[in-house]
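The values are calculated or read from the model by the stated rules, or taken from the named source; none is laboratory data. Keep in mind it's a predicted model, so treat the numbers as computed, not measured. Every residue, glycine as well, gets a Cβ built from its backbone with ideal geometry; the counts of neighbours run over all protein chains shown.
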Amino acid sequence: MKLEDTATENLLQYLEETLSYIHEKISKNERMLVHCYAGRSRSASIVISYLIKYHAMKVEEALQFVKNKRPAADPNRGFFSHKIS
């Protein structure tokens, strides 16, 4: 998927399919690497979204979890400002 790291980019259009794919692989005990160019924003946003959906974490809890694992994580807050249509 091509996703720009800008506040206007709509991450939600890819989210359901992406999270389902990740969950399927994890459910089968397969390894999963979520990455982006700098490993700070887009990938962190995907992992945070996964934790919220499949582990019932609150946004700040999921963000802190990701930051504990990858201190450089700094999700683009614009990704979370779009509404689900």
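Take Ala38 and decide whether it is more than 14 Å from Phe79 (Cα to Cα) and either in contact with a Pro (Cβ under 9 Å, 6 or more places away or on another chain) or not in a helix (DSSP H, G or I) (or both).
Criteria met by Ala38.
Kindly evaluate Ser85 against the criterion of being at pLDDT below 95, out of contact with any helix residue (DSSP H, G or I) (no Cβ under 7 Å at 6 or more places or on another chain) and either assigned to a loop (DSSP other than H, G, I, E, B) or under 16 Å from Lys2 (Cα atoms) (or both).
Here the answer is yes, as Ser85 does meet what is asked.
Arg31 - would you say it is within 17 Å of Arg70 (Cα to Cα) and either touching a residue at least 40 places away in the same chain (Cβ under 8 Å) or among the basic types (Lys, Arg) (or both)?
No.
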